[in-house]
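Take a look at the structure below.
The values are calculated or read from the model by the stated rules, or taken from the named source; none is laboratory data. Bear in mind that the values here come from a model prediction, so they are computed numbers and not experimental data. Note: ideal-geometry Cβ built from the backbone for every residue, glycine included; neighbour counts use all protein chains shown.
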Amino acid sequence: MNEVIYEVKDKIAWLTINRPEARNALNKAARDAFGEVCESFAADDDALVLIVTGAGDKAFCAGADLKEMADTAMKVPPKNLFIEFNRTLKTDKPIIAAVNGHAFAGGFRIAQMVDLVISADHATYAISEPKVGRGAPWASPLAWIVGPRIALELLTTAQPISAQRAYDVGFVNKVVPYDQLLEEAEKMARAIVRNAPLSVRAGKRMVYDSAELGWEAGLDAADDLWEHVYLSEDGQEGPRAFREKREPQWSGR
């Protein structure tokens, strides 16, 4: 799996798209490897957070490999063409993108489907599919993230926006100089790892559930979702550790 590098260190998983010579474009081998390691992350109890990035400083991911697409004369992409977080891959563990350069087309898609984004200040973001006559059905949730006017601009003009504008419209959590990118992503991941895992996962689940439910139904679902957190061992360990003036020892139970 040379197209993707994957490792787990101190409860943080790192996935690097490793095709810098092709602007980290996703050919079939890269797509398959990406999906395999994401499934490994979801099943690994020792990995609490995933950070996704790209090799080099030019491109996070340029999207699908258009040369391969032309060679295969791909028409409607199959639904299993690429793994999709919160749809084909269900995990309540947080996923962070460390965007190290241009995030176009499928690269934008990855940045959209993760939970949190740390961006290098020189990165740019674009849904470039209209320029090559292709589509972005995966961008259906985008209006929920940035609002309909920004989503329409991205989907119809195919023009890139800067990292700063992506931050201003709520697509990016933080913008940093490139040489601080991985450090800042790891800092965010470590903040998550320090927290009670059941609380973290319930928080993520609640945000996505709320997109599908109305106001009152969302509140009722949240009450049910958090009940097992309150009843867990960790629900008692946190206040007990505070009383005893020590760091909590989370069990995830």
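Descriptive notes on the structure:
- For the stretch 134-156, a residue qualifies if it is out of contact with any strand residue (DSSP E or B) (no Cβ under 9 Å at 6 or more places or on another chain) and either in contact (Cβ under 8 Å) with a residue 24 or more places away in the chain or surrounded by 14 or more Cβ atoms within 10 Å (Cβ to Cβ) (or both), and the qualifying residues are A136, W138, A139, P141, L142, A143, W144, I145, V146, A151, L155, T156.
- When the stretch 231-253 is filtered for residues that are more than 19 Å from I192 (Cα to Cα) and either among the basic types (K, R) or touching a strand residue (DSSP E or B) at 6+ places or on another chain (Cβ under 8 Å) (or both), the ones remaining, listed by number, are R240, R243, K245.
- Yes/no for Q159 being over 23 Å from I51 (Cβ atoms), of a type outside the set (D, E) and touching a strand residue (DSSP E or B) at 6+ places or on another chain (Cβ under 9 Å): yes
Each row is one residue, and each column tells you yes or no for (1) out of contact with any helix residue (DSSP H, G or I) (no Cβ under 7 Å at 6 or more places or on another chain); (2) in a loop (DSSP other than H, G, I, E, B); (3) buried (at least 19 other Cβ atoms within 10 Å of the Cβ); (4) at pLDDT 90 or above.
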| site | (1), (2), (3), (4) |
| --- | --- |
| A33 | yes, no, yes, yes |
| V37 | yes, no, yes, yes |
| V52 | no, no, yes, yes |
| D57 | no, yes, no, yes |
| D71 | yes, no, no, no |
| R87 | yes, yes, no, no |
| A103 | no, no, yes, yes |
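Residue-by-condition table, conditions (1) out of contact with any helix residue (DSSP H, G or I) (no Cβ under 8 Å at 6 or more places or on another chain); (2) within 21 Å of P94 (Cβ to Cβ); (3) outside the structural domain of N86 (by TED's automatic domain parsing); (4) in a helix (DSSP H, G or I):
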{"residue": "Y208", "(1), (2), (3), (4)": "yes, yes, yes, yes"}
{"residue": "L219", "(1), (2), (3), (4)": "yes, no, yes, yes"}
{"residue": "D234", "(1), (2), (3), (4)": "no, yes, yes, yes"}
{"residue": "G238", "(1), (2), (3), (4)": "yes, yes, yes, yes"}
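- Of all the numbered requirements in (1) in a helix (DSSP H, G or I); (2) among the hydrophobic types (A, V, I, L, M, F, W, C); (3) crowded, with 16+ Cβ neighbours inside 10 Å, V175 misses one, and that requirement is (1).
- Here is the figure for the stretch 161-202: residues that are touching an Asp or Glu at 6+ places or on another chain (Cβ under 9 Å) and under 30 Å from Q236 (Cβ atoms) total 10.
- Each residue in the stretch 88-133 was checked for being without any contact (Cβ under 8 Å) to a residue 24 or more places away in the chain and on the phi < 0 side of the Ramachandran plot, and 1 of them qualify.
- Residue count, the stretch 1-35 (criterion: over 14 Å from V52 (Cβ atoms) and of a type in the set (D, E)): 3
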